[in-house]
Amino acid sequence: MVLIGVLALQGDFAEHKAKLASLGAQTIEIRQLKDLEKPLDGLVLPGGESTVQGKLLADLGLLEPLRERIQHGLPVLATCAGLILLAENVENQAKRYLGTLPVTVKRNAYGRQLGSFTSLLDFADLGQVAATFIRAPYISEVEDEVEILSKHQGKIVAARYRNQIGLSFHPEVDESDSIHSYFLKICQTK
């Protein structure tokens with residue numbers, strides 16, 4: 001059985017845990033440094049508020065250990081705010097957090113929370129998936145080695161770089177478990 005760490009400082013971590021558990025994965029909430037002592041097979045960075053999550057990661061001493069784990073191949077699924085945490089660059093923001101995903105992200109690109117929506121997307125080898133966008137960013141630039149997994153109206157909303165998957169949307173709130181299954185397969189083959 002795979003063990004997936006889910007960052008549980010703020011945001012929708014409970015929904016990710018439930019989705020992963022329904023697929024047979026074991027999960028552990030990552031809230032402090034000692035939680036990283038477990039032999040993780042993967043990591044989820046959930047949606048929420050990237051500024052709050054980034055500050056808490058730094059304050060709790062989690063930023064560097066997580067960055068090192070990701071750089072050494074720990075598979076990671078980052079959704080919405082998690083994508084912002086992973087991005088090397090964020091438009092109109094000097095602050096960067098983990099900075100391991102070679103992309104540039106535009107924050108709140110789809111407007112305010114009231115402007116949330118769901119759309120069907122063509123997603124890599126998975127076919128069509130439902131995608132819920134909530135104050136979502138999009139990826140405005142990618143480096144050459146980044147694989148684009150999905151676009152919405154011409155904007156990149158899902159990308160993969162080696163062991164990292166960054167999504168603009170929230171697969172944990174939709175019925176389908178296809179993206180979490182896709183991620184777990186990566187974790188099982190790492």
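The values are calculated or read from the model by the stated rules, or taken from the named source; none is laboratory data. Here the structure is a predicted model, which is why all the values come from computation and not from measurement. Ideal geometry is used to build each Cβ from the backbone, glycine not excepted, and the neighbour counts take in all protein chains shown.
Of the residues making up region 135-155, those that are within 14 Å of Ala109 (Cα to Cα), without any contact (Cβ under 8 Å) to a residue 40 or more places away in the chain and surrounded by 14 or more Cβ atoms within 10 Å (Cβ to Cβ) are Tyr138, Lys151, His152.
Can Leu23 be described as out of contact with any Pro (no Cβ under 9 Å at 6 or more places or on another chain) and in contact (Cβ under 8 Å) with a residue 60 or more places away in the chain? Considered against the rule, which asks whether it is out of contact with any Pro (no Cβ under 9 Å at 6 or more places or on another chain) and in contact (Cβ under 8 Å) with a residue 60 or more places away in the chain, Leu23 comes out as yes. Filtering region 10-29 down to residues that are of a type in the set (A, V, I, L, M, F, W, C) and closer than 16 Å to Val76 by Cα, which residue is surrounded by the fewest Cβ atoms within 10 Å (Cβ to Cβ)? Going through the qualifying residues, I end up with Ile28.
Inspect all residues belonging to region 12-34 and state whether any of them is in contact with a strand residue (DSSP E or B) (Cβ under 9 Å, 6 or more places away or on another chain) and at pLDDT below 95. Yes, region 12-34 contains at least one residue that is in contact with a strand residue (DSSP E or B) (Cβ under 9 Å, 6 or more places away or on another chain) and at pLDDT below 95. Evaluated against (1) surrounded by fewer than 17 Cβ atoms within 10 Å (Cβ to Cβ); (2) in contact (Cβ under 8 Å) with a residue 40 or more places away in the chain; (3) in contact with a Lys or Arg (Cβ under 6 Å, 6 or more places away or on another chain), Glu175 falls short on exactly one condition, (3).
The number of residues in region 161-189 that are among the basic types (Lys, Arg) and touching a Gly at 6+ places or on another chain (Cβ under 6 Å) comes to 0. From the residues in region 156-168 that are over 13 Å from Val105 (Cα atoms) and surrounded by 24 or more Cβ atoms within 10 Å (Cβ to Cβ), which one is nearest to the chain's Cα centre (by Cα)? Among those that are over 13 Å from Val105 (Cα atoms) and surrounded by 24 or more Cβ atoms within 10 Å (Cβ to Cβ), it is Ile165. Scanning region 170-190 for residues that are of a type in the set (Ser, Thr, Tyr) and assigned to a loop (DSSP other than H, G, I, E, B), we see that the one that is modelled with the lowest pLDDT is Thr189. For Glu64, the criteria (1) exposed (fewer than 14 other Cβ atoms within 10 Å of the Cβ); (2) of a type in the set (Asp, Glu); (3) within 18 Å of Arg162 (Cβ to Cβ) hold in every case but one, which is (3).
Of everything in region 1-26, what is assigned to a strand (DSSP E or B), closer than 20 Å to Leu98 by Cβ and not hydrophobic (A, V, I, L, M, F, W, C)? Give them in sequence order. Gly5 - this is the single residue of region 1-26 that is assigned to a strand (DSSP E or B), closer than 20 Å to Leu98 by Cβ and not hydrophobic (A, V, I, L, M, F, W, C).
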